[in-house]
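For reference, the structure is listed below as structure tokens.
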Amino acid sequence: MLHTDAAALTADEIREALDRAGGNQAAATRALGLRNRDVLYRLIRKHGIEVRRD
């Protein structure tokens with residue numbers, strides 16, 4: 001699931017990527033095709049996604 005437009009990502013897509021990555025944000029960032037984790041962090045905050053801390 002690669003995206004080039006971060007703004008087009010839905011909360012469900014972000015949650016799915018995080019779930020598939022076992023909560024690993026770096027792996028989810030790569031799976032979503034984002035430039036870096038800062039972009040993912042902003043999207044997580046924007047969508048109000050709770051990230052589990054294992």
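Listing for the model above:
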quantity	calculated
Stretchable slack from ARG37 to GLN25, in nm (0.36 nm times residue separation minus alpha-carbon distance)	3.6 nm
Environment charge of ASN36, counting only residues whose C-beta is closer than 14 Å and scoring Lys/Arg +1, Asp/Glu -1	+3
Cleavage-rule hits, GluC sites (Glu not before Pro), region 12-54, DSSP coil, Cβ neighbours within 10 Å at most 14	GLU50
Dipole magnitude of the chain about its Cα centre (Cβ charges: Lys, Arg +1; Asp, Glu -1), debye to nearest 20	220 debye
Relative contact order (%) - region 6-47, alpha-carbon pairs under 8 angstrom, separation at least six	35 percent
Kirkwood Rh and Cα Rg combined as Rg/Rh, region 6-47	0.89
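Each reported figure results from applying straightforward, stated rules to the coordinates on display, with no laboratory input. Since the model is a prediction, treat every value here as computed from it, not as a measurement. Don't worry about glycine lacking a Cβ; one is built from the backbone with ideal geometry, like all the others, and counts go over all protein chains shown.
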